[in-house]
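Below is one structure; the comments refer to it alone.
The values are calculated or read from the model by the stated rules, or taken from the named source; none is laboratory data. Keep in mind it's a predicted model, so treat the numbers as computed, not measured. Note that we place each Cβ from the backbone using ideal geometry, even for glycine, and neighbour counts take in every protein chain shown.
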Amino acid sequence: MTGENNELHEKSGFSYRMARPSVESGEVVILLHGSGVDEATMLPLGRSIALQATLVAVRGRIRQEDGWRWFERITPTSFGQQSIRAETAAFASFLEKLSKAEGIDTTRALYVGYSNGANLLSSLMLLNPGLVGRAALLRAMPVLDEVPDTDLAGARVLVLAGETDVTYGPYAPALTRLLKAHGAAVESHVVPRGHDFGEEDSALIRRWLEADISVA
């Protein structure tokens with residue numbers, strides 16, 4: 001990321017950073033951070049996944065201590081349902097405006113979410129089908145108490161759980177089953193880490209993307 005411009009922007013109530021490499025591939029990666037931090041924490045992961053992609057790292061709008069999150073939390077594994085739906089709707093609207101303002105096709109982007117950001121992404125897919133075609137969900141779990149009868153046919157999802165993630169890891173199989181039940185093509189793996197992410201995740205995401213290209 002050294003020397004790469006990633007100035008902070010704002011649109012529709014969301015702050016975000018765009019990082020464009022000197023030589024662009026045309027790929028777009030949209031990054032959603034975990035709870036208690038901000039969007040900058042996801043930029044190194046995004047660049048390790050796609051060296052020449054345009055990165056869009058977005059900040060959640062709910063304050064948490066010194067950082068941010070995407071929707072309100074009741075306990076570590078239960079969440080405010082009204083907050084999930086309101087923030088998901090707001091993010092969907094943001095994506096439409098981002099696409100027009102920055103000249104990128106958000107429906108063809110790769111979405112990468114970590115923890116709370118991954119939970120927002122899965123909710124976005126289930127509540128707003130068609131917006132997300134490819135998503136990598138790191139350390140995620142199902143968060144919607146009531147799931148609509150959504151058709152996710154055509155969507156591809158990678159679910160990456162941490163082997164020693166005692167809080168979220170046990171919920172990863174349920175998320176995989178949920179997305180498959182709604183028609184998404186889901187690949188899931190367990191990496192030798194806890195709740196944190198690292199090169200193991202990057203390598204699996206790159207391999208998953210390469211498999212998609214070879215099929216196409």
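Quick notes
- Within segment 167-206, restricting attention to residues that are within 11 Å of ALA136 (Cβ to Cβ) and among the charged types (D, E, K, R), the residue that is surrounded by the most Cβ atoms within 10 Å (Cβ to Cβ) is ASP201.
- Which listed residue is on the phi > 0 side of the Ramachandran plot and at pLDDT 95 or above, from GLY198, GLY183: GLY183
- Note on segment 8-24: residues that are surrounded by 13 or more Cβ atoms within 10 Å (Cβ to Cβ), touching a residue at least 40 places away in the same chain (Cβ under 8 Å) and in contact with a Lys or Arg (Cβ under 7 Å, 6 or more places away or on another chain) total 5.
- Qualifying residue in segment 136-156 (condition: closer than 17 Å to VAL28 by Cα and over 10 Å from the mean Cα position of the chain (by Cα)): yes
- Hits in segment 171-185 - residues which are more than 16 Å from ALA161 (Cα to Cα) and either touching a residue at least 24 places away in the same chain (Cβ under 8 Å) or in contact with a helix residue (DSSP H, G or I) (Cβ under 7 Å, 6 or more places away or on another chain) (or both): HIS182, GLY183, ALA184, ALA185
- Applying a threshold of 8 Å to beta carbon distances and a minimum spacing of six or more residues, or different chains, the list of pairs starting in segment 134-153 at a residue that is closer than 21 Å to SER202 by Cβ and ending at one that is of a type in the set (S, T, N, Q) and assigned to a loop (DSSP other than H, G, I, E, B) reads LEU138/SER115; ARG139/SER115; ALA140/SER115.
- Close pairs (7 angstrom Cβ cut-off, 6 or more residues apart or separate chains): touching a residue at least 60 places away in the same chain (Cβ under 8 Å) and closer than 30 Å to PRO21 by Cα in segment 54-76, hydrophobic (A, V, I, L, M, F, W, C) and part of a strand (DSSP E or B) anywhere: GLY60/TRP68
- For segment 102-158, the candidate set comprises residues that are touching a Ser or Thr at 6+ places or on another chain (Cβ under 6 Å) and in a helix (DSSP H, G or I); within that set, the residue that is surrounded by the most Cβ atoms within 10 Å (Cβ to Cβ) is ASN116.
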